[in-house]
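The values are calculated or read from the model by the stated rules, or taken from the named source; none is laboratory data. Here the structure is a predicted model, which is why all the values come from computation and not from measurement. Quick reminder, even Gly has a Cβ in these numbers, built from the backbone with ideal geometry, and neighbours come from all protein chains shown.
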Amino acid sequence: MLRYLTRRLALTIPVLLGVATLVFALIHLIPGDPAQAMLGEEASEEDVQALRVRLGLDQPLLQQYGGFLRGAVRGDLGRSLRTDEPVTQAILDRLPATLELAAAAMIVSIGVALPLGIIAAVGRGTFVDHAATTLALTGVSIPNFWLGPLLALVFAVELGWLPVSGRGTVGHLILPAISLGAALAAILARMTRASLLEELREPYVQAARARGVSRTRAVLRHAFRNSLIPVVTLIGLQFGAVLTGAVITETIFAWPGIGRLLIQSIGFRDYPLVQGCILFIAVTYVGMNLLTDLVYGVLDPRIRYE
Amino acid sequence: MSKVGAAIVLVTVVAAVFGPWLSPFDPAAQELALRLEGPTGAHWFGLDELGRDIFARVLSGARISLLVGIVVVSVSSVIGILLGSIAGYFGGRVDEAISRVVDILLAFPGLLLAIALVAVLGPSLTNVVLALSVIGWVGYARLVRGQVLRSRELEFVQAARALGASTPRILLRHVIPTTLPAVTVQATLGMGGAILAEAALSFLGLGVQPPTPSWGTMLNYGRGHLLDAPHLTVFPGMAIAILVLGFNFLGDGLRDALDPATKGRAG
């Protein structure tokens, strides 16, 4: 077990280094002079030069890279060009909002997906199964940037039940959480169904059925628990999709999280902040995947990293 | 389901190719007096903020969506098949190097890297295709590598090697063809994915720029008129959802047809 943990952790280090390198390289992918691009065409040569110095763009590339990595390890990602606020602070300020939205979206999707997946598996091949499967596939196909405005249109504008945008009350959270969680719910429902059907073929379930246990009982009492392992893993792995989806959902509902910060910073060409947001989201995602793998290793003793 | 998917895709292709003949209106023509007018007998989907016919623009947007899907899937699958088969066939350091790059790119969730690339390269159709291809090939490389690891041990591949066939010939004639069924399924689902991603980037203002009618861009502009003209949001969004659903149905059906083991299991 310890060997598995160590190997899995060791594999994460080159990935993190690669992620940091790519994020560092971003600023050098800007066509032309990055400092000029950030300040615009009208900026004076003195201002552009001052920005170059401030961002360290006047230094040799390797030195810039070393500085970026050292800063990233210490949690120093530079300062916002627009507000002069430390990038790390700006991200941490928005973190609670994003976590709140992501958690709510996950709760919504798990709450919808598990019953839907179970119903589909129990009634395999029946109308209920086809309906649940079609609903799930539709959920994957509906873009959250369409679902969000539609939900707002019906429940906020027409019915007036919920606020259109912003953050504050539980009411503010409902529409963004549904719009962000719908796709995940669809994916989880498909996985729950597939995993349950797989489990139902296992000898211990067959034995229970042979003893006269009903199909529904066999599903709920015997197969369901074991079928949860791949579902839990998928929830962990889908966390990244939720974070990316949050970029769009936060933009639609004016939700003051990291995703909206990223899109706003792109609009302002505030590249240190853009780099910071991208690095933060990617590192969180890598961490979440690592955690998922470790939990998976603990849940299923058959799995050991070779 | 796959027949429904195929029908949706076919209808969209027809709409994209024959769009200009299917609607009497020019997608760029403005009737400012009628701006934001809802659906009528003449303008089926209504008019947008500049008085342009939304039906004509949705038809025209199908071209952009399909174009992005086809180019991104072609570029990503060719690069992915090439690098994936090289990694799987040769193993060792080559495999190690390619797999590390794949790991790093997969460390960025979904669209995030595409958003980052377009943010620095600038918003345009070309940069969207470029960004989506940069993240797109990874999935194919992973898939093909796994398939090649298995197929390189197959008897006919060993026989070709024993007969002295050159490595490129073995790869192109014997190994890569065994991966094509799986690649076809992934490419079909990838069409839906690329179309959705382009629309998402355009919705965020990072994709296709106006006045080119892209479904994502239309949704982005519709957002400002959600209260007074919801039809700006309803129709382009419906087009995206239906086309993506079509490719997903088709991909699912193909998977069942090409790999009977997954039938009824993958859902």
If you scan the range A:13-43, which residues turn out to be more than 9 Å from chain B (Cβ to nearest Cβ) and modelled with pLDDT of 90 or more?
A:13, A:20, A:24, A:25
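Only one residue in B:73, B:102 is away from chain A (no Cβ under 11 Å), over 30 Å from residue A:35 (Cβ atoms) and either assigned to a helix (DSSP H, G or I) or aliphatic (A, V, I, L, M) (or both). Which one?
Values: B:102 fails: away from chain A (no Cβ under 11 Å).
Going through B:73, B:102 in turn, the sole match is B:73.
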So, residue A:251, is that one part of a helix (DSSP H, G or I), within 29 Å of residue A:37 (Cβ to Cβ), within 11 Å of chain B (Cβ to nearest Cβ) and in contact with a Pro (Cβ under 7 Å, 6 or more places away or on another chain) or not?
no
Taking only the range B:143-198 into account, find how many residues are closer than 23 Å to residue B:254 by Cβ and among the small types (Gly, Ala, Ser).
9
Could you check, for the range B:50-70, whether at least one of its residues is away from every other protein chain (no Cβ under 14 Å), touching a Lys or Arg at 6+ places or on another chain (Cβ under 7 Å) and part of a loop (DSSP other than H, G, I, E, B)?
yes
How many residues does the range B:22-39 hold that are touching a helix residue (DSSP H, G or I) at 6+ places or on another chain (Cβ under 9 Å) and exposed (fewer than 15 other Cβ atoms within 10 Å of the Cβ)?
6
Filter the helices (runs of 4 or more DSSP H) completely within the range B:120-239 down to those with at least 2 residues that are under 29 Å from residue A:282 (Cβ atoms).
B:125-151, B:176-203, B:215-222
Tally the residues that are more than 30 Å from residue A:26 (Cα to Cα), surrounded by 21 or more Cβ atoms within 10 Å (Cβ to Cβ) and hydrophobic (A, V, I, L, M, F, W, C), restricting the search to the range B:125-156.
1
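Hey, can you tell me all the residues within the range B:1-46 that are of a type outside the set (D, E, K, R), within 30 Å of residue A:129 (Cα to Cα) and not in a loop (DSSP other than H, G, I, E, B)?
Residues of the range B:1-46 of a type outside the set (D, E, K, R): B:1-2, B:4-25, B:27-30, B:32-34, B:36, B:38-46.
Within this subset, residues satisfying the condition of being within 30 Å of residue A:129 (Cα to Cα) are B:1-2, B:4-12.
Passing the criteria: B:2, B:4, B:5, B:6, B:7, B:8, B:9, B:10, B:11, B:12.
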Of all the residues that make up the range A:142-155, how many are assigned to a helix (DSSP H, G or I) and either more than 10 Å from every other protein chain (Cβ to nearest Cβ) or buried (at least 21 other Cβ atoms within 10 Å of the Cβ) (or both)?
9
Output the residues belonging to the range A:155-208 that are within 17 Å of residue A:144 (Cβ to Cβ), of a type in the set (Gly, Ala, Ser) and more than 20 Å from the chain's Cα centre (by Cα).
A:156, A:165
Hey, residue A:223 hits all of (1) buried (at least 23 other Cβ atoms within 10 Å of the Cβ); (2) closer than 30 Å to residue A:248 by Cβ but one; which does it fall short on?
(2)
Any residue in the range A:182-209 that is at pLDDT below 90 sitting within a Cβ distance under 7 Å of a residue that is aromatic (Phe, Trp, Tyr)? List the pairs, counting only those 6 or more apart or interchain.
A:196/A:224
Considering only the range A:105-123, I want to know if a residue exists there that is assigned to a loop (DSSP other than H, G, I, E, B), out of contact with any Cys (no Cβ under 8 Å at 6 or more places or on another chain) and more than 29 Å from residue A:248 (Cβ to Cβ).
yes
Looking across the range B:188-237 at residues that are over 16 Å from the mean Cα position of the chain (by Cα) and charged (D, E, K, R), the single one that is surrounded by the most Cβ atoms within 10 Å (Cβ to Cβ) is B:223
Would you mention how many residues in the range A:174-220 are in a loop (DSSP other than H, G, I, E, B) and either crowded, with 22+ Cβ neighbours inside 10 Å or β-branched (Val, Ile, Thr) (or both)?
1
